[in-house]
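Single-structure report; data block below.
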There are 2 protein chains.
Amino acid sequence: MSFTVVARDGAARAGVLETAHGPVQTPVFMPVGTQATVKAVSSADLTAVGAQVVLGNTYHLALRPGAELVRSLGGLHGFMAWPRAILTDSGGFQIFSLRGRRTIDEDGVTFQSHLDGSAQRFTPEGAMGVQAALGSDIAMAFDECPPADAAPDAMRAAIDRTTRWARRCLDVAPARGQLRFGIVQGGTDLGMRRAHLAEIAALPFDGLALGGFSVGEPPPVMHAAVTALAPEMPPDRPRYLMGVGTPLDLLICIAAGIDMFDCVLPTRNARNGQLFVPGGRLNIANAVHRQDAGPVDADCSCEACRSYGRAYLAHLFHAKELLYYRLATLHNLQHFLDLARGARAAILEGRLAAYVAERRRPLEANLET
Amino acid sequence: MSFTVVARDGAARAGVLETAHGPVQTPVFMPVGTQATVKAVSSADLTAVGAQVVLGNTYHLALRPGAELVRSLGGLHGFMAWPRAILTDSGGFQIFSLRGRRTIDEDGVTFQSHLDGSAQRFTPEGAMGVQAALGSDIAMAFDECPPADAAPDAMRAAIDRTTRWARRCLDVAPARGQLRFGIVQGGTDLGMRRAHLAEIAALPFDGLALGGFSVGEPPPVMHAAVTALAPEMPPDRPRYLMGVGTPLDLLICIAAGIDMFDCVLPTRNARNGQLFVPGGRLNIANAVHRQDAGPVDADCSCEACRSYGRAYLAHLFHAKELLYYRLATLHNLQHFLDLARGARAAILEGRLAAYVAERRRPLEANLET
């Protein structure tokens with residue numbers, strides 16, 4: 001077994017996922033490193049904020065610099081000098097986002113590269129082959145991602161194809177020590193979700209993911225669906241909620257029994273001037289920060305909060321100085337990683353409900369979405 | 001005395017400049033932090049590459065965020081969290097670069113802000129007042145910077161005014177412990193340079209700077225002028241060659257007796273893809289680097305060279321990833337700082353000529369300009 005649940009608190013779990021590059025303590029938030037870099041920060045920075053596992057993006061890396069080049073340079077770990085765990089997505093989400101520039105058939109998807117318009121093709125076998133070349137610790141199955149508003153027939157067809165593709169993914173030899181996760185689709189229809197979960201859970205994946213959430217549905221709808229579904233997922237395998245989410249999403253879904261999360265929110269919003277604090281979010285462009293010598297969050301241990309004041313970050317942001325992007329990213333990552341780490345500690349001590357309630361109240365009062 | 005020469009080797013000197021924020025060992029290269037940040041790197045990064053003193057830009061900081069705001073936030077040291085020495089230029093060079101957007105009179109210069117077009121005015125007293133508010137360790141006198149191709153009469157008039165302004169600068173009370181440097185102008189005309197040097201050297205400045213070099217004249221012309229002038233500068237005060245230069249410039253001018261340098265070359269060129277190596281420069285965009293797992297410089301101790309290969313830097317550069325700019329900047333700064341540090345060690349051991357010759361040969365063979 002690569003996954004061990006070490007404690008439970010209500011539906012929530014604290015666990016340890018063993019990977020070829022060390023253990024990952026769950027619940028865990030995984031920073032997104034789309035192009036073999038978590039935008040604006042280095043591998044030493046990721047270590048400093050306590051990241052245990054980062055994401056790589058199969059679609060982007062296959063197009064640039066190319067999977068075989070990465071393999072020849074020591075795989076993604078050697079290429080980006082990241083010694084801990086890496087999860088690669090399958091590329092499915094990006095490719096299916098290329099509406100009008102991709103055509104699906106039973107064997108796979110043909111699409112146009114966003115870089116140069118060249119014709120490209122991904123199949124389940126190809127996507128797993130790319131992930132084997134990248135040498136990630138966790139490879140995701142290549143799924144068809146139906147739009148959130150897909151009609152029931154279209155949703156069912158996408159689900160059925162995702163199951164057939166999942167079986168084909170498992171027929172491909174993984175990289176040495178590489179774990180493979182299956183993806184459950186079905187939108188917000190619990191019936192379809194449960195049917196698909198049963199199909200994917202029956203396959204010998206090392207973990208299961210919920211895809212197709214946080215794609216435009218109202219957060220309470222997602223929270224309700226995940227709260228219903230997570231406890232029905234196999235208890236002995238890690239549960240990964242893809243592309244989610246806000247601090248509020250994390251708190252609610254950890255309580256529901258989700259173990260793993262990823263989202264571009266902390267990194268992307270940092271670059272746009274939005275910094276996460278215990279009570280919600282602040283916009284560093286706001287005039288109130290211009291003369292404030294105090295840190296973004298006095299309780300935060302990131303380099304930005306330890307060394308610099310809000311006024312300095314505001315100045316860097318207004319002046320479009322490169323240092324802003326790194327400091328803001330470090331802060332937001334620290335906030336998300338600490339939130340998940342704190343939840344784990346609370347689960348181990350049987351006080352998750354209080355941990356969630358204490359943090360949830362100000363977030364909801366500030367109408368965080 | 002704030003400056004002590006601890007060793008001589010030919011015309012070159014190794015010295016220690018005592019500042020309110022610690023000693024600066026010369027010869028020294030000073031990274032340029034125009035807007036209270038050396039572009040792309042943090043104060044911890046500057047410490048890691050061994051920077052002893054950084055520049056702040058009076059013109060830029062007066063316009064944004066404003067000198068009084070910086071004063072209220074602990075001065076430039078507190079604002080940018082830099083515990084070591086800071087030198088501020090006077091703003092003269094930037095203001096005189098605003099041709100067509102500034103008018104000079106005997107009292108000072110009126111100009112349009114490059115940020116919003118608003119009318120602004122700098123006088124010798126005002127420029128020193130801003131530098132006192134910024135709290136730099138070394139303040140530069142406010143000089144008139146004549147263009148390199150100024151006619152002799154215009155050059156003479158600028159020099160005379162610079163001397164009158166230098167006297168006015170010295171009448172302003174500096175910040176506590178702040179040193180003040182005078183600036184010698186005169187283009188490449190040695191007669192005018194010598195006359196102006198005599199005037200400025202007669203004033204009680206803590207150090208003397210050569211301004212108006214590296215403004216378009218051929219490098220050999222600058223090298224010849226500095227080699228003639230530097231030994232004639234007061235031996236008991238630090239000698240600062242403003243805005244210079246390339247590694248070759250540094251080697252030649254350290255041998256001539258210059259103690260301090262600043263230039264945007266390492267930081268700006270890093271962002272454009274040009275990385276400095278012992279034999280010259282490499283362009284990371286060059287196809288030859290795409291599959292090269294080796295570091296930019298195996299002998300360099302910067303984070304980029306310790307952790308990452310050329311192929312990874314090339315990937316980041318092509319993908320316009322923010323991490324590239326920081327890693328490239330760290331590397332180029334390390335290269336320049338190590339070059340000056342190495343020269344100091346060579347002076348202390350009486351082997352500067354060999355140090356310069358060994359490094360000069362490949363640089364000249366590669367036609368570095």
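The values are calculated or read from the model by the stated rules, or taken from the named source; none is laboratory data. Since the structure is predicted, the reported quantities are computational estimates derived from the model, not experimental observations. Virtual Cβ from ideal backbone geometry, glycine too; neighbours counted across all protein chains shown. SASA here: full protein model, heavy atoms, side chains in, ligands and nucleic acids out. Shrake-Rupley method; radii C 1.70, N 1.55, O 1.52, S 1.80 Å.
Listed values, structure above:
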item	result
Cβ neighbours within 10 Å from other chains - mean over A:303-310	3
For the stretch A:305-369 versus the stretch A:110-186, the gap between their alpha-carbon centres in whole angstrom	33
Inter-centroid distance (Cα atoms) of the stretch A:36-54 relative to the stretch A:189-239, Å	28
Chain B - charge dipole about Cα centre, Lys and Arg +1 at Cβ, Asp and Glu -1, debye rounded to 20	520
Beta bridges per DSSP with both ends in the stretch A:194-341, % antiparallel, nearest 5	45
Trypsin sites (Lys or Arg not before Pro) within the stretch B:158-242, DSSP loop, no more than 11 other Cβ atoms inside 10 Å	B:ARG176
Relative contact order for the stretch A:282-369, counting Cα pairs under 8 Å that sit 6 or more residues apart, in percent	21
Pseudo-label separations to other copies for A:GLY22 - Cα-to-Cβ vector, 7 Å, nm	3.0
Radius 13 Å from Cβ of B:THR227, net charge of other residues (Lys, Arg +1; Asp, Glu -1)	0
Amide H contacts of A:LEU179 (H built 1.01 Å from N, under 5 Å, at least 5 apart or other chain)	A:ILE138, A:ALA139
For the protein assembly as shown, size of Cβ-based charge dipole, Lys and Arg +1, Asp and Glu -1, in debye	80
Per DSSP, loop GluC sites (Glu not before Pro) in the stretch A:1-106 with at most 11 further Cβ within 10 Å	A:GLU106
For the stretch A:28-120: relative contact order, % (alpha-carbon pairs under 8 angstrom, 6 or more apart)	24
Neighbourhood charge, 13 Å Cβ-Cβ cut-off, centred on B:HIS114 and excluding it, Lys, Arg +1 and Asp, Glu -1	+3
For the stretch B:13-170, size of Cβ-based charge dipole, Lys and Arg +1, Asp and Glu -1, in debye	140
Peptides ranked, highest mean first, by Cβ atoms within 10 Å: ranges B:131-140, A:20-29	B:131-140, A:20-29
Chain A: calculated mean residue ellipticity at 222 nm from DSSP helix runs of at least 4, using -39500 (n - 2.57)	-12500 deg cm²/dmol
Accessible area per residue in Å² at 1.4 Å probe, computed on the stretch A:29-167	33
For B:ALA285, label point 7 Å along C-beta direction: distances to other copies, nm	2.9
Antiparallel content of DSSP bridges confined to chain A, in %, to 5	50
Sum of side-chain charges, A:GLY182 neighbourhood, beta-carbon under 10 Å (Lys, Arg +1; Asp, Glu -1)	0
Efficiency of FRET from Cβ geometry, A:ASN283 and A:THR103, R₀ 30 Å, rounded to 0.05	0.10
Cysteines without a disulfide-compatible partner [chain A; Cβ-Cβ under 4.7 Å]	A:CYS145, A:CYS169, A:CYS253, A:CYS263, A:CYS302
Mean separation of Cα contacts under 8 Å, 6 or more apart, over the residue count of chain A: relative contact order %	18
For B:GLU68, label point 7 Å along C-beta direction: distances to other copies, nm	6.6
Of the DSSP H helices in chain A, those whose Cα atoms cover at least 24 Å axially and whose Kyte score averages 0.0 or more	A:322-348
Interface B:A - total buried accessible surface [probe 1.4 Å, Å², rounded to 100]	2800
Eligible aspartates and glutamates near B:LYS320 by straight Cα distance, threshold 18 Å, same-chain separation 8 or greater	A:ASP116, A:GLU321
Within the accessible area of the stretch B:8-110 (1.4 Å probe), percent carbon and sulfur	52
